Amino acid sequence: MGIGKGSIKTAIKEAIAISTIIAITTATSVLAANQSHVDQLVKTKECSECDLPDARLAGADLIGANVRDADLRKADLRGAKLDGAKFMRSNMLGADLRFALLSGADFLNTNLLEAKLEGANLFRANLKYANLERANLSQSSLKNADLQFAKLNGAKIDNANLERANLGLAELEKADFTNSRLKRANLRRANFSEVNLTRANLEGASLEGTTFAGANLFHTDLRSSKIDSDTFFDPKWFLVWKVVNQRLDGQTLVAADLSGGNFEKANLAGINMEDVNFTQAYLFITNLRRSNLARVKFNEANLRYADLMKANLTEADFAGAQLSDANLEGANLRLANLRESIINEETVLDRKWRIVWDIVNRGGEDRNLRGEDLAGANLRLARLRGARLLDANLSQSDLRGADFVGANLQRANLSGANLTGANLRGAVLQGANFCGATMPDGTVEKCK
C-alpha cells in the first residue's frame with residue numbers, strides 16, 4: 001500500500017518537532033548546574049572544577065571563593081560579592097557579572113568570552129591572559145587591573161575606569177573605549193587597531209611600541225603620553241600627538257589637518273597655522289595668542305576659555321564654534337565667519353566684532369548702526385532691512401546676498417565691498433561711496 005503525500009508531510013513535521021525538543025532538552029541539560037556543587041560553593045566557598053553552568057548566584061556572598069577550573073558558562077553572578085575570588089582557567093563564557101564586586105579577583109587564563117561585566121568593580125583584578133573578546137565592560141572599574149596579554153577584541157569598554165591598568169601586549173582590535181579613562185595606564189605593545197578611543201583619556205599613558213592603526217582618536221587626550229620609534233599612529237594623529245607634547249617654537253603648521261584633535265591647555269601661541277583644519281577640535285583653555293590663524297576652519301570646534309588675544313583670524317570660519325568665555329581681545333576678524341558661533345557675556349570681543357556677531361546671528365533689521373565701523377566685516381546674507389547705516393563704514397566688507405531693502409545708506413562707505421546678489425530695493429543711497437565695489441549684478445563700480 002502506498003503512503004500519501006499528506007502522511008509524509010505530517011511525519012516530517014513530527015520528526016522535526018521531536019528533534020527540536022531533543023535539541024532544547026540537550027542544550028538545557030548541558031547548561032544545567034550541578035545543584036550539589038552550587039550548595040557546596042555557597043556553603044564552603046570551595047568548588048574548584050565544579051559544574052556550575054547557568055548557576056543562579058546573583059547577589060551571593062562569595063568573597064575569597066575558590067572556583068578554579070570550574071564550568072561557569074552563562075552563570076548568573078549579578079551583584080555578587082566576589083572580592084578576592086579565584087576563577088583561574090574557569091570557563092565563564094557569557095557569564096553575567098554585572099555590578100559584581102570583583103576587587104582583587106583572579107581571572108588568570110579565564111574564558112570570559114561575551115561575558116557581561118557592566119558596572120563591575122575589578123579594581124586590581126588579575127585578568128592576565130583572559131579571553132574577554134566581545135565582553136561588555138561598560139562603566140566598569142578596572143583601575144590598577146592587570147590585563148597583560150588579555151584578548152579584548154570587539155569588547156565594549158566605554159565609560160570605564162582603567163587608570164594605571166596594565167594592558168601590555170593586550171589584543172584590543174575593534175574594541176570600544178569611548179569616554180574611558182586610561183590615565184597613566186601601561187599600554188606598551190598593545191594592539192589598538194581600529195579601536196574607538198573617542199574622548200578617551202590617555203594622559204600620561206605608556207604607549208611604547210603600541211599600534212593605533214585605523215584607531216579613532218577623536219578628542220582623545222594624549223597629553224604627556226610616552227611613545228617611541230615603534231609606536232604607530234596614523235599620520236594625522238601622530239601630528240596631533242606632536243602638537244600636544246612637543247614645543248613648536250618657530251615651527252609652522254600651515255594647512256595641517258588637526259580636525260577632531262584634543263588640544264586642551266596646549267600652548268600654540270605665536271605659531272603660523274594658516275589654513276589649518278581645526279574642525280570639531282577640542283581647544284579648551286588653549287593658548288593661541290598672537291598666532292596666525294588666517295583662513296583656519298574652526299567649524300564646530302570647542303574654544304571655551306581659549307586665548308585668541310591679538311590673533312590673526314582673517315577669513316577664519318567659526319560656524320558652529322563654541323566661543324563662550326574665550327578671549328578675542330584685539331584679534332583681527334576681517335571677513336571671519338561668525339554665523340552660528342556661540343558666545344556669552346564673558347566672551348572678550350571688541351565692540352566692532354560683537355556688533356557683527358549680533359547682526360549675523362540675530363539680525364539687524366531696523367537697527368541704528370549710524371556711523372558704525374563695520375569695515376572688513378563678513379555680513380554675508382545679513383538681514384538689514386530698514387537699518388540706519390548713515391555714515392557707516394562698510395568698506396571691503398562681504399555683503400553678498402545681504403538684504404538692505406528700505407535701509408538708509410546715505411554717505412555710507414561701501415568702497416571695495418562685495419554686494420553680489422544683495423537686495424538694495426528701496427534703499428537710500430545718496431552720497432554712498434561704491435568705489436571699486438562689486439555691485440549686486442556682479443559689475444564693479446568705477447571710482448569717481
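Structural remarks
- Selection within the range 134-151 - more than 13 Å from Lys116 (Cα to Cα) and open to solvent by less than 10 Å² (accessible area, probe 1.4 Å): Leu142, Ala145, Leu147, Ala150
- Candidates Gly421, Gly406, Gly386, Gly431: the one that is farther than 26 Å from Leu328 by Cβ, at pLDDT 95 or above and open to solvent by 60 Å² or more (accessible area, probe 1.4 Å) is Gly431.
- All positions within the range 41-52 that are open to solvent by 30 Å² or more (accessible area, probe 1.4 Å) and in contact with an Asp or Glu (Cβ under 7 Å, 6 or more places away or on another chain): Ser48, Glu49, Asp51
- Contact annotation: residue pairs with Cβ atoms under 6 Å, 6 or more positions apart or on different chains, pairing a residue in the range 271-285 that is at positive phi and in contact (Cβ under 8 Å) with a residue 40 or more places away in the chain with a partner that is open to solvent by 50 Å² or more (accessible area, probe 1.4 Å) and not polar (S, T, N, Q), are Gln280/Glu300.
- Inside the range 120-133, residues that are surrounded by fewer than 24 Cβ atoms within 10 Å (Cβ to Cβ) and of a type outside the set (Phe, Trp, Tyr) make up a count of 6.
- Residue in the range 300-307 that is acidic (Asp, Glu) and under 17 Å from Leu248 (Cβ atoms) present: yes
- Scanning the range 272-293 for residues that are more than 10 Å from Asp307 (Cβ to Cβ) and open to solvent by 10 Å² or more (accessible area, probe 1.4 Å) yields Asn272, Glu274, Asp275, Asn277, Thr279, Gln280, Tyr282, Phe284, Asn292.
- Residue within the range 237-256 that is of a type in the set (Asp, Glu), open to solvent by 40 Å² or more (accessible area, probe 1.4 Å) and modelled with pLDDT of 95 or more present: no
- Selection of first residues in the range 211-236 that are modelled with pLDDT under 95 and of second residues that are small (Gly, Ala, Ser) and in a loop (DSSP other than H, G, I, E, B), restricted to Cβ pairs under 8 Å at least 6 apart or on distinct chains, gives an empty result.
- In the range 254-268 there is no residue that is of a type outside the set (A, V, I, L, M), more than 22 Å from Phe218 (Cα to Cα) and outside any strand (DSSP E or B).
- Val356 vs. criteria open to solvent by 30 Å² or more (accessible area, probe 1.4 Å) and β-branched (Val, Ile, Thr): no
- Annotation note: Cβ proximity below 9 Å between a residue of the range 166-188 that is over 18 Å from Asp230 (Cβ atoms) and of a type in the set (Val, Ile, Thr) and a residue that is modelled with pLDDT of 95 or more and assigned to a loop (DSSP other than H, G, I, E, B) (sequence gap 6+ or interchain) occurs for Thr178/Ile157; Thr178/Asp158; Thr178/Asn159; Thr178/Leu197; Thr178/Thr198; Thr178/Arg199; Thr178/Ala200.
- Residue match in the range 53-72 (condition: buried (at least 19 other Cβ atoms within 10 Å of the Cβ), small (Gly, Ala, Ser) and closer than 23 Å to Leu169 by Cβ): no
- Against the list (1) surrounded by 17 or more Cβ atoms within 10 Å (Cβ to Cβ); (2) touching a residue at least 12 places away in the same chain (Cβ under 8 Å); (3) in contact with a Gly (Cβ under 7 Å, 6 or more places away or on another chain), the condition Glu365 fails is (1).
The values are calculated or read from the model by the stated rules, or taken from the named source; none is laboratory data. Just so we're clear, the structure is a prediction, and the values are computed from it rather than from any experiment. Glycine also receives a Cβ, built like all others from the backbone with ideal geometry; neighbour counts cover every protein chain displayed. These accessible areas exclude ligands, DNA and RNA; they are computed on the full protein's heavy atoms, side chains included. Shrake-Rupley method; radii C 1.70, N 1.55, O 1.52, S 1.80 Å.
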